[in-house]
Amino acid sequence: MSLNPEIDYGTPASEAEKTVTLTIDGTEVTVPEGTSIMRAAMDLGTQIPKLCATDMVESFGSCRLCLVEVEGRNGTPASCTTPVADGMVVKTQTDRLKRLRKGVMELYISEHPLDCLTCSANGDCELQDMAGAVGLRDVRYGYEGARHPNPGIDASNPYFTYEPSKCIVCSRCVRACEEVQGTFALTIANRGFDSVVSPSMEQPFIDSECVSCGACVQACPTATLNEKSVIDIGTPDRAVVTTCAYCGVGCAFRAEMRGDELVRMIPYKDGKANRGHSCVKGRFAYGYANHKDRILNPMIREKITDPWREVSWEEAIQHTAAEFKRIQAKYGKGSIGGITSSRCTNEETFLVQKLIRAGFGNNNVDTCARVCHSPTGYGLKTTFGTSAGTQDFDSVEQSDVILIIGANPTDGHPVFASRMKKRLREGAKLIIVDPRRIDLVRTPHVKADYHLPLKPGTNVAVVTALAHVIVTEGLVNEKFVRERCDWDEFQEWAAFVADPRHSPEEVEKISGVPAETIRGAARLYATGGNGAIYYGLGVTEHSQGSTTVIAIANLAMATGNIGREGVGVNPLRGQNNVQGSCDMGSFPHELPGYRHLSETATLEMFESFWGRPLDAEPGLRIPNMIDAALDGSFKGIYIQGEDILQSDPNTQHMAAGLAAMECVVVQDLFLIETANYAHVFLPGSTFLEKNGTFTNAERRIQMVRKVMAPMNGYEDWEITQMLSNALGFPMHYNHPSEIMDEIAALTPKFAGVSFKKIDELGSVQWPCNDEAPDGTPVMHVDGFVRGKGKFVITEYVATDEKSGPRFPLLLTTGRILTQYNVGAQTRRTANVVWHEEDRLEIHPFDAENRGVRDGDWVKLTSRAGETSLRALITDRVAPGVVYTTFHHPETQANVVTTDFSDWATNCPEYKVTAVQVMPSNGPSEWQEEYEELSKAARRIAEPLVAAE
Ligand code: SF4
Ligand code: SF4
Ligand code: SF4
Ligand code: FES
C-alpha cells in the first residue's frame, strides 16, 4: 500500500448541472459551469502551480502563482478565481507565465527560513513542491533580507504546533476555520510584511476559541501548522482508508502510517458523511490505542475480590465456556445472556447475538442502545415503518428550516454540526428546543431564530403545542397527508392536538416556554420551506422518550416534511455503530433487520441457516437481567465493549446485580468500571486492528480496515467465534466479509450489501437490495415503509420524577466535544487538557441562593444517591436546572440518576432527575473509597504471559 495522497483540485467542485466546454493547452475539456480554470485543468491532469488555493475552501486569489493566459483577454488572470466559459482557450505554460511565477516564488522564498532539510514538512511541503514546479534555481534578492515575523513556536495545543516564521500568509487556515469548521477562531493580524495568523486575540491556540478540529493544519501548505506526531515520527509512507470509531457521524479517514506506526489521521475527502472534515476526537484522539492501561492478555479470577491471573487464550476461552455450561446446567438455559457493543463492528455484533440466540439458546441479548436510542426504534417504526433516520447528511444542504430538539450537535456530532452551520450561514433558519443554551443558539455568524428553553421532561407537551399551532392555524399540508398518511388517524390526531389544553398558552404553564415563542417556531417550521428535524438523547432519554419521537414524526408528516432532500426526521446517533448494533439484532425481541421473533417464517429461516432451534420468546433487557441477577435467576453474562456500570442508570443497583452473578465476562480494551465485577477479562482490539463495517446515523455502512495487527492477538469477532466453538456451537468464518455475506443472506434490507460493493461504492446506505442496488440515501420517497404514515396520539404524562422541597432542581446530562461517553478512550488521550473532570453547571441565581461560588465543591443529591463535583456557574442553564457531563468515573453522574425509564423501551430517564445541590468540602465518602476499591479490583497477580 502506498501513501497515494488524494488529489487537490485547487477549488471546490461546482454543483451546476449545465456544462461548458473549453480548451486548455490544446485539449478540449467539458466541466460544470462555475468550475475554475484551475480545476478544469486538473481534470485533464494539468497541475497549475498554486499556493493559496486548495479544494477544501473557496478560492481567494492572493498568491498570484496560478496565473494563466486566456485568448482574447488582457493580462494573466488567476486560474483559481477565474471561472471557465464556453469556447475559452487557455494556456497554462508560456514563457511569460514561467517568468511571472518564478518571480512570485522568489519573493516567497527570499523571506522564508531555509531549513528545509530539518523541517518537519520536508517532502510534504507545497512551498517546496512549487519551488520545484516553477523551476526556481536562484533568488535574485538573496537570502539575507528580513524574514517573516518569528515570535517563536506556539506548541500549546497538544496535537499541533504553530510556527509563524514559516507562514506564507496564504490564509488557507483562516478560510478552513471559517468555511469548513465554522468556528472563526483565526484571523490575519497586522499588515504587509508583518501579517501573521492569529488565533482569537493573538492568544496561544490553547486559550483561543479553537476547538482543535485540525482543518487549518490540513489546509496549511507549509510546516507552519503541523501535527506534533509528524514532527515526532516523520512523514507517513502508506495510508489505509477507514472509519472513525467515536460518534455516529461516521467520518472516513486516511490512517497515514509509517511502518506499523500511525502517524496521523487525515479526514477522507471522499468520505460521504464528513466530506473531508473531522473533529478533535477522530483526527487526534487515537492515543488510547497504545495506552499503557491496555490489557493485552486474557485474565481470570475465582472471586471478584481476588487478584486477576493472566492466562492463555485457550484457558480463558475454555474456562468461560465451562462456566457458562455449568451455570446453564444448574440454573437453566435462560440464566445467562450477553450485551453487544455499539463500538464494535456490525459483523462482531451480529456474531454476539448469534452466539446468544443459537449458542446460549435464549434471547437474552441487549445493547447500549437500550440506554440511548431505543425510543427512536420504537417511535419511527410505529409511525413510518422503519427504525432509522430518514435522510443522508448531504440533505441538510437543501434545508430551509432546521429544528433541533434535545441535541447539542457542536459537542455531540461536531462534523455534522459544521455542515449544518454552513447551511445556516447561507441563510437557513434555526429553531432550538433545549433546556440549555447550547452553542448553536448563538455562535459566530449563526443565531437561532427561536430558542425554546423548556423545563426538562416537558418535550411531549411542547412538541404537541407546536402541532396545535400547525393544526389550528391551518398550516397542515393536507395534500401530503391525504396522499401519504392514514386520513382517519390524522383526523383523530388533529382533533386531539387542537384541544385548547395543548395550546401554547396552556403549555407555557408546564414548560416555561413563552407561548409566542412556541407559536413563532411552529409557524416557521410549517411555512419556511424544507423543514428538517434533528434530535438526540434529550428526546429519547425520558419516561416519554418514545412518545416524543412519535410526536416529532407526527409534526413532520403533518407538514409534508418527509420523503425528499432537505426535510426528514433524523436521530443523531451517539456511538459510532449504534445504528448498526440495532440493525444487527441486538434487542431481545428482534432478529437482525428488526424482525420480531413472532414472525414464524423468519425465525424458521434463521433456524435452518444456523442449524439450531431458536427460542421464539423475547429475552431479557439489560435492566431485567440485573433484576433477575438480584432475584437469583440470572447468573452469567458476556459483555462485549460496553461499560454498563458507568453508562447505565442507578449505579448501586447495577453494581449489586453484577456482584450477584457467578460469571461476568468482560471483553474490552481496558479494565473498565464493569470489569471490577468481572471473573473473566478478554482483551479486545481497537478499530485500527480489525476489519469490518460500521453503520452511521445516516444508515451508511462504511468499511473499517485493519491498519495494524491486533496487539492482543485477535480481532473481537475471532474471540466470539472461539467462545462459540468452545460452547459447542461451531463457527468457521475466515474473514468478516463472510459474516456480512451471511447478514445479507438473512436480512432483506441488507440483501445487496457486501464488502465488494462497499469497496466499489465507498459506502452504502441501507436498504440495499434488488429495488435499491446502490442503497437508499433518502427514505419514504414514494410512500412510507409501513404503507400509510401513522399519526399517533401523544398524551403528555408528567414524569414521576418531580422536583419539590427536598429536591428542588432538575438535573439534565450531556456530553462535551473533547470527551466521549464514559471516557474510557478519550480520558486516555491528550484530550484531558480540555476536560479533566465533570463539572456541575448551575445558574448564578441558584448558586447564590446556596452560597456556591464558581469552582466550589458541591454535593449533588437525588432520591437515588449522591455524588460530589465542582460547580461551574453559568447562565447557559435556566434557574431551576443544573447540568453535568458523565465522562469521569470519579464523578459517576449515574449514581444520582433514577430507575425511571421510557414506558415503551425501558430507555432510562437520564435527562430528568430531581436533585438538591449544597456546598461540600470535597469528594463524597464513596468517591474517596472508590479509587482504593478500583485499585484492589484491578490487581494482577501473575507475571505477563506472551499474547498468542
Ligand atoms: S483547529 Fe479547527 S477550530 Fe482550531 S483554528 Fe484550526 S480550523 Fe479553527
Ligand atoms: S499558517 Fe499555513 S495556511 Fe495559514 S496562512 Fe500561514 S502558511 Fe497559510
Ligand atoms: S464527528 Fe464523530 S465520527 Fe467524525 S471525527 Fe468526530 S467523533 Fe469521529
Ligand atoms: S493559487 Fe490562485 S492566486 Fe493563489
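Worth a mention:
- For the stretch 562-583, the set of residues classified as closer than 21 Å to Ser647 by Cα and hydrophobic (A, V, I, L, M, F, W, C) consists of Leu572, Val578, Cys582, listed by residue number.
Listed here are the residues, each with its yes/no results for (1) surrounded by fewer than 24 Cβ atoms within 10 Å (Cβ to Cβ); (2) of a type in the set (S, T, N, Q); (3) more than 16 Å from ligand 3 (Cβ to nearest atom).
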residue	(1), (2), (3)
Cys173	no, no, yes
Val196	yes, no, yes
Pro199	no, no, yes
Gln203	yes, yes, yes
Asp232	yes, no, yes
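- On the stretch given as the stretch 230-251, residues that are modelled with pLDDT of 95 or more and within 16 Å of ligand 2 (Cβ to nearest atom) total 0.
- Any chance Glu642 is open to solvent by 20 Å² or more (accessible area, probe 1.4 Å) and closer than 19 Å to Ser586 by Cα: no
- Count of residues meeting criterion [within 26 Å of the chain's Cα centre (by Cα) and within 15 Å of ligand 4 (Cβ to nearest atom)] in the stretch 155-171: 0
- Residue count, the stretch 342-383 (criterion: within 24 Å of Glu541 (Cβ to Cβ), in a loop (DSSP other than H, G, I, E, B) and under 24 Å from the mean Cα position of the chain (by Cα)): 5
- Selection status of Leu620, part of a loop (DSSP other than H, G, I, E, B) and closer than 22 Å to Cys907 by Cα: yes
- Subset of the stretch 102-115 that is among the hydrophobic types (A, V, I, L, M, F, W, C) and modelled with pLDDT of 80 or more - its residue that is least open to solvent (accessible area, probe 1.4 Å): Met105
- Residues that are open to solvent by less than 10 Å² (accessible area, probe 1.4 Å), under 28 Å from Gly636 (Cα atoms) and either within 16 Å of ligand 3 (Cβ to nearest atom) or part of a strand (DSSP E or B) (or both) within the stretch 674-691 comprise Val680, Phe681, Leu682, Pro683, Thr686, listed in sequence order.
- Cβ-Cβ under 9 Å pairs, at least 6 apart or on other chains, the stretch 444-462 side open to solvent by 60 Å² or more (accessible area, probe 1.4 Å), far side of a type in the set (Asp, Glu): His445/Glu178
- Test: residue in the stretch 266-280 that is under 24 Å from His413 (Cβ atoms) and in a helix (DSSP H, G or I): yes
- The stretch 26-49 residues that are in contact (Cβ under 8 Å) with a residue 60 or more places away in the chain, paired with ones that are within 16 Å of ligand 4 (Cβ to nearest atom) and open to solvent by 10 Å² or more (accessible area, probe 1.4 Å) (beta carbon under 7 Å, 6 or more apart): Pro49/Met130; Pro49/Ala133; Pro49/Val134
- Residues that are touching a helix residue (DSSP H, G or I) at 6+ places or on another chain (Cβ under 9 Å) and under 25 Å from Lys422 (Cα atoms), drawn from the stretch 37-69: Leu51, Cys52, Ala53, Thr54, Asp55, Met56, Val57, Glu58, Ser59, Phe60
- Selection status of Arg326, out of contact with any His (no Cβ under 8 Å at 6 or more places or on another chain) and open to solvent by 30 Å² or more (accessible area, probe 1.4 Å): yes
- Unique match (being open to solvent by less than 10 Å² (accessible area, probe 1.4 Å), within 30 Å of Ala428 (Cα to Cα) and in a helix (DSSP H, G or I)) among Ser395, Ser387: Ser395
- Scanning the stretch 307-323 for residues being part of a loop (DSSP other than H, G, I, E, B) and open to solvent by 40 Å² or more (accessible area, probe 1.4 Å) gives a total of 2.
- Residue pairs whose Cβ atoms lie under 6 Å apart, separated by 6 or more positions or on different chains, with the first residue in the stretch 760-784 and free of Cβ contacts under 8 Å to residues at least 60 places away in the same chain and over 17 Å from Gln391 (Cα atoms) and the second among the small types (Gly, Ala, Ser) and in a loop (DSSP other than H, G, I, E, B), are Asn769/Ala751; Asn769/Gly752; Pro773/Gly752.
- Hey, Lys98 in contact (Cβ under 8 Å) with a residue 40 or more places away in the chain and more than 28 Å from Ala215 (Cα to Cα) or not: no
- Selection of the stretch 362-383 for residues being surrounded by fewer than 24 Cβ atoms within 10 Å (Cβ to Cβ) and in contact with a Phe, Trp or Tyr (Cβ under 9 Å, 6 or more places away or on another chain) yields only Lys381.
- Subset tally (residues that are outside any loop (DSSP other than H, G, I, E, B) and either more than 16 Å from ligand 3 (Cβ to nearest atom) or farther than 24 Å from Asn570 by Cβ (or both)) for the stretch 234-253: 5
- Flag for Cys216 being more than 10 Å from ligand 1 (Cβ to nearest atom), within 22 Å of Ser62 (Cβ to Cβ) and at pLDDT 90 or above: no
- Residues within the stretch 252-261 that are more than 18 Å from Thr118 (Cβ to Cβ), touching a helix residue (DSSP H, G or I) at 6+ places or on another chain (Cβ under 7 Å) and at pLDDT below 95, tallied: 1
- Among residues of the stretch 488-509 that are acidic (Asp, Glu), those with a Cβ under 6 angstrom from a residue that is part of a helix (DSSP H, G or I), sequence gap 6+ or separate chain, pair up as Glu505/Ala515; Glu508/Ala515.
- Qualifying residue in the stretch 255-278 (condition: within 16 Å of ligand 2 (Cβ to nearest atom), in contact (Cβ under 8 Å) with a residue 24 or more places away in the chain, touching a Ser or Thr at 6+ places or on another chain (Cβ under 8 Å) and open to solvent by 50 Å² or more (accessible area, probe 1.4 Å)): no
- Selection from the stretch 175-208 of residues that are within 12 Å of ligand 1 (Cβ to nearest atom) and on the phi > 0 side of the Ramachandran plot: Gly182, Phe184, Ser200
- Candidate set: the stretch 503-516, residues that are surrounded by 19 or more Cβ atoms within 10 Å (Cβ to Cβ) and among the β-branched types (Val, Ile, Thr); chosen: the one farthest from Glu473 (Cα to Cα): Val513
- Count - residues of the stretch 646-674 that are of a type outside the set (D, E, K, R) and over 22 Å from Gln353 (Cβ atoms): 12
- So Val84, is it within 21 Å of Pro12 (Cβ to Cβ), touching a strand residue (DSSP E or B) at 6+ places or on another chain (Cβ under 7 Å) and β-branched (Val, Ile, Thr): yes
- Residue, nearest to Trp903 (Cα to Cα), within the stretch 508-535, restricted to residues that are among the polar types (S, T, N, Q) and assigned to a helix (DSSP H, G or I): Ser511
The values are calculated or read from the model by the stated rules, or taken from the named source; none is laboratory data. Being a predicted model, the structure only gives us computed values, none of them experimental. In this analysis, Cβ positions are derived from the backbone assuming ideal geometry, glycine residues included, and neighbour counts consider all displayed protein chains. Heads up: the accessible areas ignore ligands, DNA and RNA and are worked out on the full protein's heavy atoms, side chains in. Shrake-Rupley method; radii C 1.70, N 1.55, O 1.52, S 1.80 Å.
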